[in-house]
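To start, the structure under review is shown below, and the notes come after it.
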Amino acid sequence: MKEQPNLLSGQEPPDFRQKFKIIGSVFLIVLSILLLRLGYLQIIRGTEFRQKSENNSIRFRNLKPLRGLIMDRNRVVLVDNRPSFDVIYIPNKNKGNELSIEKLKNFYRTKSLEFLYDQSVSKNAKSYLPVKLEKNVDMEKVALIETNALDLPGIYIEVSPIRLYLDGEMLAPVIGYTGEVSKKDMENSTGKYAYGDILGKHGIEKIFDSYIRGHNGAELVEVNVYGKEIKNLGRIDPASGYNIILNIDADLQKATGEALAGRSGAAVVLDVHDGSVLAMFSAPSFDPNLFNSGIPYEEWEKLQNNPLCPLSNKAISGQYPPGSTYKLVVAAAALEEGVITPDTKVFCNGSFTLGNRTYRCWKKGGHGWVDLHKAIVESCDVYFYTVGKMLGVDKIAEYAKRFGLGGIAGIDLPNEKSGLVPTKEWKLKRKKSSWQMGETISTAIGQGFNLVTPLQLANAYSAFANGGTLWRPHLVKYIETTGGKLYKEFLPEKKGELKLSPKTIEILNGALWGVVNESGGTGKNAKLSGIDVCGKTGTSQVLGLPENEIARRAKRLTAFQKDHALFACYAPLKNPEIAVAVILENAGGGGAVAAPVARRILSAYFEGKKKDKKQ
Amino acid sequence: MIFLKFDRRIFQHFDWTLLGLVLAVCAIGTLNIYSTGFSAGEGQSSFYLKQIQWIALGLIFMMMIFFIDYRVIIQNAYVIYGISIMLLIFVFLFGYSSHGSQRWLGIGGFALQPSELMKLVIIITLARYFDDHRSNEPYKLQELFVPFLIILAPFLLILKQPDLGTALVLIFIFVSIVFFMGIEWKSLIIVSTGVLISIPIAWHFLKDYQKERLITFLNPENDPLGTGYHIIQSMIAVGSGEIFGKGFLKGSQTQLKFLPEQQTDFIFSVFAEEWGFVGGLILIIMFMSIIFWGLKIALQARDLLGTIISFGITALISWEVFINIGMVLGILPVVGIPLPFFSYGGSAMISLFTAIGLLMNVSARRFILQR
């Protein structure tokens, strides 16, 4: 090419040409190095790499971390880990793995073991991708496969940790369970989970999963034709998850679970000082260990179709009419608003008439003249019909909300329900009709639209017991690192104040004490010697009042139309320590059925305290 | 204005050789991307179709740049630089993340990666600076302070994303241009000893977990196992291609998805597996031709400006080719740098074609620019 006069008028340094020669040579050298390296890999080591690519001898293995332990307030371990042995199969036509499964079945047959894998390995299964044949097999199978490894190419045993729920049924409603990450979880989280990861699916396991789960490790290994590891090419150890320490007291939890045995319902025990959940049970419960390695379909069906809903935690997601336990709220509202004094008397003849409708008291003959004390102790409905009518529904609702009803309590568990506190506005919005006075009458005794969860009920009584502070109930006390260092502490959190005058509290304390300890009290069955228990019974009707009456008279009540039995209480009267709420579904009268259950729980608590003191 | 003085002659000097070479590489690259999406039973992925669109869009940008006299472009270099820095700041503020790195700006339906454009912007900005500050002597340290600042801002912004690969490419471009312009020996020694001493000292004072964190922060791809796995799988893929390759669509490493980042950073191993040493040799020779053609344009440019621009662009392409292939062949550490004209990626493709437009611009105007 003809020489071009490049660069302007000789001002430029003349050595560009020289520089370009140097640069050109450097580039040439670098590109030659790349070519040499390419040749080295493809020509000199080509055969070796071709073989490796055909054997797929390099394997990348996720190492599962240990999930953090879950302990009770006294550091008693409630949830641990144990190894699970899984049978893994890698389809590979080149290595004749196809026959391995048949051979494995034969081996099983000779020992009369059952092969549990129900889907056949799909012909199109991505070759080289491992398939889990059987999860969590027993040692007999492990030994069988290990000893016959040479005859079973492509089949090997993989060990990974799974959950061990000690005393699982007792804690299942609170702790929940774990399971393998689902397709949906994978899609919803961008790259957060790897295939086969174990996740918390319910309860504490779910809410605190990010702390408990830990981090996957991984391992890069080279294997021979039999799938045996011949060389470890690198390893990152998995990081165990953090430990969770609950406010739950394992002994009290157990007593609570046992007190509810054979029932359907829930009980909650709160520490009135700070809202710590000491025990929480929902009956019937289930065994969370079932979910560890994928729950068998029939078991799942059974749990799902059980009409008593064992999988739902009724303590926080069951919503029930509070019945007469609601009278505490109405009485407090009436005293505070000045519509009554403790001496206000109402005559109960067994029924209350409003317009052309009659509302009955639970006591057919009536209570005669009743004042507030007697009305609460004997749970006179007519008295509260009268008071409720004077207060109006919106005033009742105002106080109910102060007691934490009608909104979630904010516990650290999934699926908490908010219950319902009806107001005029609510009805207009939701039901598109105006409020009827008759509905106020029902509301005053905790029927009608009213709904509470056992947790809300316990929390409301707890707030009353401690003099007016509504705490946010919490299950987790603190989280600690694997090494045992405090990582995160959950301090008590104030949610609100009842703002009741000391006079009101004193009057109602006396009345609630009377419910349990006076001769005419409806809650006598909760009486505990040596401890001043205060509480209120409730019997909430499942069917609306008139219909229920008709059905009751006709004795046509089916199992699911029977009344719910409620009991809410706290103890002792002086310096209360715990609040307990018990709700038993379709079990009958609160005083007859729920109060004895609460008594067992209270007794367990105070017995346990005595034992602790002795030690 | 020179801009309006449209000259027919630039067509006569249109650099068909360069365009031909680049398009040939693009074509092979697209076929290759087609192959990565061609796994049995997986259906056809549309990456290759998108890549064709990117190439077409790139050609449009190339032609636009080609028509504007590069001296006009350079006159506005600082404005362009300012806008690009703004874009990087937007990425920092509003950008979205993928693979643990915040690199993209969503504009309409597109994901723009301003750091890719920055590579080219840095070249023209430095060209402008050195053209404004000519010197017959090698540059002294204090004279290089401003260019250092020019590079520092985007470097830090891109490092923060984090995108170690692109940040490194910026440094390499800067160092290449500085060396090319000439740096005083004394200054060079001071800088290099300064850097050499300070790094290990700073490193020494870091705690282990901080080092680990720093490495992972700077380069998320670099977890020892992840990269180890990538490198081994990549080397197996390349090596198993042997001399003639396994054939188009037949690379087992590729088709079985053992290879990571197939369409982007590790695309060369896909090619080497299916086309063997012969294919690799041809591709490397093609890259070599583009690079030497670029150097020729730089040497023959009409003015210093043209020389710096074309040298800078050639250096950019060279570094990316060297580092990417070196990484795939297991002789350089894994950093995210794409193979020019070959890896899948819209912003990179447009930025590269714009660069080619500038090269052609310089190439064509050497015959017609008079001053």
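Annotation: of all residues in the range A:202-219 being in contact (Cβ under 8 Å) with a residue 24 or more places away in the chain and surrounded by fewer than 18 Cβ atoms within 10 Å (Cβ to Cβ), the one that is nearest to the other protein chains (Cβ to nearest Cβ) is A:217.
Do you know which residues across the range A:572-615 are under 25 Å from the mean Cα position of the chain (by Cα) and either hydroxyl-bearing (Ser, Thr, Tyr) or outside the structural domain of residue A:464 (by TED's automatic domain parsing) (or both)? Once the filter is applied, which keeps residues that are under 25 Å from the mean Cα position of the chain (by Cα) and either hydroxyl-bearing (Ser, Thr, Tyr) or outside the structural domain of residue A:464 (by TED's automatic domain parsing) (or both), the range A:572-615 yields only A:605. Among the residues of the range B:325-344, those identified as part of a helix (DSSP H, G or I) and within 10 Å of chain A (Cβ to nearest Cβ) are B:325, B:326, B:328.
Reported count of residues in the range B:160-183, each being part of a helix (DSSP H, G or I) and either farther than 17 Å from residue B:316 by Cβ or in contact with a Cys (Cβ under 8 Å, 6 or more places away or on another chain) (or both), is 1. Among the residues of the range B:301-317, is there at least one that is over 17 Å from residue B:266 (Cβ atoms), buried (at least 24 other Cβ atoms within 10 Å of the Cβ) and in contact with a Pro (Cβ under 9 Å, 6 or more places away or on another chain)? Within the range B:301-317, one or more residues are over 17 Å from residue B:266 (Cβ atoms), buried (at least 24 other Cβ atoms within 10 Å of the Cβ) and in contact with a Pro (Cβ under 9 Å, 6 or more places away or on another chain). Residues that are surrounded by 22 or more Cβ atoms within 10 Å (Cβ to Cβ), on the phi < 0 side of the Ramachandran plot and of a type in the set (Phe, Trp, Tyr) do not occur anywhere in the range A:330-349.
When residue B:313 is tested against the conditions (1) β-branched (Val, Ile, Thr); (2) part of a helix (DSSP H, G or I); (3) within 11 Å of chain A (Cβ to nearest Cβ), the lone failure is (3).
Quick check: anything in the range B:186-203 modelled with pLDDT under 80, more than 14 Å from chain A (Cβ to nearest Cβ) and outside any helix (DSSP H, G or I)? No, the range B:186-203 contains no residue that is modelled with pLDDT under 80, more than 14 Å from chain A (Cβ to nearest Cβ) and outside any helix (DSSP H, G or I). Within the set of pairs 6 or more residues apart or between chains, which connect a residue that is at positive phi and of a type outside the set (D, E, K, R) inside the range A:364-380 to a residue that is in a loop (DSSP other than H, G, I, E, B) and at pLDDT below 95 with Cβ atoms less than 6 Å apart? Here the result reads A:366/A:349; A:366/A:350; A:379/A:522, each pair linking the range A:364-380 to a residue that is in a loop (DSSP other than H, G, I, E, B) and at pLDDT below 95. Could you look through the range B:1-30, keep only residues that are in a helix (DSSP H, G or I) and farther than 19 Å from residue B:352 by Cα, and pick out the one that is modelled with the lowest pLDDT? Selected residue: B:4. Whenever a residue of the range A:526-542 is closer than 24 Å to residue A:507 by Cβ, its partners that are among the basic types (Lys, Arg), lying with C-beta atoms within less than 6 angstrom and at least six residues away or across chains, give the pairs A:526/A:599. Screening residue B:302 with (1) facing chain A (nearest Cβ under 10 Å); (2) assigned to a helix (DSSP H, G or I) gives one miss only, at (2).
Only residues that are over 17 Å from residue B:326 (Cα atoms) and loosely packed, with under 14 Cβ neighbours inside 10 Å were counted across the range A:30-49, and they come to 3. The condition (being surrounded by fewer than 18 Cβ atoms within 10 Å (Cβ to Cβ), under 38 Å from the mean Cα position of the chain (by Cα) and under 29 Å from residue A:462 (Cα atoms)) is satisfied by just one residue among A:396, A:408, A:376: A:408. Do we have residue A:604 as closer than 15 Å to residue A:266 by Cβ, touching a residue at least 12 places away in the same chain (Cβ under 8 Å), surrounded by fewer than 24 Cβ atoms within 10 Å (Cβ to Cβ) and small (Gly, Ala, Ser) here? Answer is no for this residue. In summary, helices (runs of 4 or more DSSP H) completely within the range A:127-188 and bearing 1 or more residues that are small (Gly, Ala, Ser) and over 25 Å from residue A:314 (Cα atoms) occur at A:139-147. Would you check if there is a residue in the range A:12-22 being at pLDDT below 85, hydrophobic (A, V, I, L, M, F, W, C) and closer than 30 Å to residue B:137 by Cα? Within the range A:12-22, one or more residues are at pLDDT below 85, hydrophobic (A, V, I, L, M, F, W, C) and closer than 30 Å to residue B:137 by Cα. Looking across the range B:241-268, just one residue is part of a helix (DSSP H, G or I), farther than 20 Å from residue A:220 by Cα and either facing chain A (nearest Cβ under 10 Å) or modelled with pLDDT of 90 or more (or both), and that is B:268.
Each row is one residue, and each column tells you yes or no for (1) part of a helix (DSSP H, G or I); (2) touching a helix residue (DSSP H, G or I) at 6+ places or on another chain (Cβ under 7 Å).
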site	(1), (2)
B:102	no, yes
B:126	yes, yes
B:130	yes, yes
B:136	no, no
B:148	yes, no
B:158	yes, yes
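Close Cβ contacts (under 6 Å, 6 or more residues apart or on different chains) running from residues in the range A:22-48 that are facing chain B (nearest Cβ under 7 Å) and free of Cβ contacts under 8 Å to residues at least 40 places away in the same chain to residues that are among the acidic types (Asp, Glu) and assigned to a helix (DSSP H, G or I) are absent. For the range A:236-274, the set of residues classified as outside the structural domain of residue A:564 (by TED's automatic domain parsing), among the small types (Gly, Ala, Ser) and assigned to a loop (DSSP other than H, G, I, E, B) consists of A:240, A:241, listed by residue number.
The values are calculated or read from the model by the stated rules, or taken from the named source; none is laboratory data. Just so we're clear, the structure is a prediction, and the values are computed from it rather than from any experiment. Using ideal geometry, Cβ is built from the backbone for each residue, glycine included, and neighbour counts are taken over all protein chains shown.
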